[in-house]
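No lab work stands behind these numbers, since they all come straight from the coordinates. Bear in mind the structure is a predicted one, so any value in this text is a computation, not a measurement. Every residue, glycine as well, gets a Cβ built from its backbone with ideal geometry; the counts of neighbours run over all protein chains shown.
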Amino acid sequence: MGNVRNLTEKEIATLMVYGCSAEDWKKVKVADEFKPDFVSDVHFSGNVTLGFFEKIYELPGGLRRHSGLNGCCIHNCNIGNNVFIDKVHNYIANYSIGDDTYIENVNLILVDGKSFFGNGVTVPVMNEGGGRDIPIFDYLSAPLAYILTLYRHRPELIRQLHTLIDKYVWEQESDMGYIGKEVQIVNCGTVKNVRVGDYATLRGASILENGSINSNIEAPVEIGSGVKCNDFILSSGVSVTDSTLVSRCFIGQGCILGKHYSALDSLFFSNCQGMHGEATAIFAGPYTVSHHKSSLLIAGMFSFLNAGSGSNQSNHMYKLGPIHQGIAERGAKTTSNSYLLWPAKIGAFTLVMGRHTKHSDTSDLPFSYLIENATESYLVPAINLRSVGTIRDAQKWPKRDGRKDSRKLDPINFNLLSPYTIHKMMKGVEILKKLQSIAGETTDVYTYQSCKIKRSSLVKGINLYNIAIYKFLGNSLISRLGNKEYTSIDEVRDRLKPTVKAGLGEWIDLSGLIAPKSEIESLLEDIEAGKIDLQGIQKRLQKIHADYYDYEWTWAADKLEEHWSKPLSELTYDDIVKMIELWKDSVVKLDRMIYDDAKKEFNLNSKTGFGVDGDEEQKHRDFECVRGSFDSNPFVVEVLNHIERKTNLGNNVIKQLERVK
């Protein structure tokens, strides 16, 4: 705003003619360029600072409004340049308002006493009865929240994290609120103890209380009509509209909540979408999506989830208070009217169909179908690896990243196949073979973790897991070799040496961040020792994310050495070529299965209801007009192209290695 001064006697007289009043005109300071021409019917109290008013706003429909103040009561506020404020029915108190902000037809905007603006609110995530309560703050990330939520067995870690967060929270304490520059607040009810970032749009919100709206020029926040939010943090790029209810929630970057959604005691991280239904005490990792009116997500941890209509989870067997919680690992999907009785743990990329009441744990058998059969839960291991839907999901997630902010809070790994999922597949093969050896190869149905597995499903599962394992190991090998020609086997061996030691052993998925467990353990030990602050934690998590492919190769190289039964220092040309040929075979087999799965979308059953009142020919023609033909479908064409590209890639790599025979 620049320099400020006292009002002149002439300016005070002019303001009074325009219907203005003040408890003490000496406490009203103005910018040097201030003119009273566009200030009318305003009462000032407390310490007030005003900028100048020169801007003309052009509204939709061609209406023009000159910046200035009209019909409001201003108490203890700093108002920037070219602000427009009109029809505040109660008053605005204790706020700094940025330049070029537009406020019209609002009931009340105030800060009442000291406020932390939503920072420090505790959310009883995953259990309404408490026990996993975590404090939210402006820069909460998904992996940090994961640690806070699930690592209660390390009390010193949790204590140190709470201490760091408390320090940040107390730094936010203020009795003055902030509304940023170029903000629009129109037709809203009460805005109390809320901090509003730059370029936010609030239109028709009913009640906003005790929260932060972390909007900025790169990723503005939108709040629409009828919205009620209390005890909340909204990250950059968030949209909350259509009478949505939010209470005690953290909403991450790029999230969309609308169409009367109800969210209570929950965390939503990057690119989640909630519409029509409700969420209670959930940890919604990146890309958790629920679009249906009858869907309830409760007391669970999810990520990359697609919840079908009528999806529900619960546990009505407790007597000493709610204890239900469950985990659906990344990529899980629930069909219409599915039900899970918590506690349960659903493996990565598993499709849940029907009602399941046996507390299953399928986490070591990813990419499966969990299907209701009468009162039993049947598991079909690995079958989702050949599903066209799984591949389409993996392709669409990066394209649907709605985060515009250059500062991204959540490190997200989109890889379908990674050491995290492949390690589970390797364990899955061991589990299935062990079941086979204990119960016998001729057993019709095997029992595992409260689930039934048919013999045919078990055999297919082993085969599919092995195909995916070889595909991943081949991918890693070819990526490491790169597009270059080698002159000696020693040069190849040198290229294949891991550049980092980290990566061996178990990997974990911290709600989007796929990382070696050893690296996370090292970070946790530093936190427990008090060696790192919140900013340092975020940097370490980002570094771990950035180094993923170095870690991945360390892990993959170790598994390849096991496959070859020799160290990399003894590797031969034939070893590499055999692995590449095995990789090509695995890629083609899997793509052919996906191709056949896609073909089901174009069979006769799929055409039921098309070509109404016509014959078979008209049914086919109508179907093609709506869905297109199988051969020209973009996804089908891409699958065939993928087979050709990968085959050529494998052949080219082998050719590049010919000189090292």
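Applying a DSSP loop filter and a limit of 14 other Cβ atoms within 10 Å to the trypsin sites (Lys or Arg not before Pro) in the stretch 425-454 leaves nothing. Among beta bridges identified by DSSP and lying wholly in the stretch 115-256, the antiparallel ones come to about 10 percent. Which of the following values of Rg and Dmax of the Cα atoms in Å was calculated from the structure shown: [x] 25.3, 80; [y] 28.1, 83; [z] 29.8, 101? Computed from these coordinates, Rg and Dmax of the Cα atoms in Å corresponds to label [z]. The stretch 176-194 to the stretch 226-276: how many Å between their Cα centroids? Each part's Cα centre sits 17 Å from the other's. The fewest-to-most ranking of Asp526, Asp591 by surrounding Cβ atoms within 10 Å reads Asp526, Asp591. Size descriptors for the stretch 375-497 (Cα atoms only): Rg and Dmax, in that order, 19.5, 63 Å. Taking a point 7 Å out from the Cα of Ala529 in the direction of its Cβ, the residues of the stretch 141-167 whose backbone N falls within less than 15 Å of it are 157. If one takes the longest principal axis of the Cα atoms in the chain, at what angle in degrees, from 0 to 90 and to the nearest 10, does the Cα axis of helix 155-171 lie? Orientation of helix 155-171: about 30 degrees from the principal axis. Secondary-structure-derived ellipticity at 222 nm for the chain, considering helices only, amounts to -10500 deg cm²/dmol, per-run term -39500 (n - 2.57) for DSSP H runs with n ≥ 4. With a cut-off of at most 16 other beta carbons within 10 Å, and DSSP calling the residue loop, which trypsin sites (Lys or Arg not before Pro) in the stretch 279-372 qualify? Please list them. Within the stretch 279-372, the qualifying trypsin sites (Lys or Arg not before Pro) (loop, at most 16 other Cβ atoms within 10 Å) are Lys293, Lys319, Lys358.
Arranged from fewest to most other beta-carbon atoms within 10 Å of their beta carbon, Arg132, Arg386 become Arg132, Arg386.
Note on Lys399: lysines with a C-alpha under 18 Å away, same-chain residues under 8 apart excluded, are Lys408.
Distance between Cα centroids, the stretch 365-380 to the stretch 320-362: provide it in whole Å. Answer, in whole Å: 11. In the chain, the DSSP beta bridges split such that about 15 percent are antiparallel, to the nearest 5. Give me the angle, in degrees from 0 to 90, between the Cα long axis of helix 517-528 and the longest principal axis of the Cα atoms of the chain, rounded to the nearest 10. Helix 517-528 sits at roughly 30 degrees to that axis.
Of the chymotrypsin sites (Phe, Trp or Tyr not before Pro) found in the stretch 231-322, the ones in coil according to DSSP and having at most 11 other Cβ atoms within 10 Å of their Cβ are Tyr318. Based on Cα contacts under 8 Å between residues 6+ apart, the chain shows a relative contact order of 7 percent.
Around the Cα centre of the chain, unit charges on the Cβ atoms of Lys, Arg, Asp and Glu (plus for the first two, minus for the last two) sum to a dipole of about 1260 debye. Remark: C-alpha extents of the stretch 1-113 on the principal axes read 40, 33, 27 Å, sorted largest to smallest. When you count the other C-beta atoms within 10 angstrom of each residue and take the mean per peptide, 102-109, 359-366 line up highest first as 359-366, 102-109.
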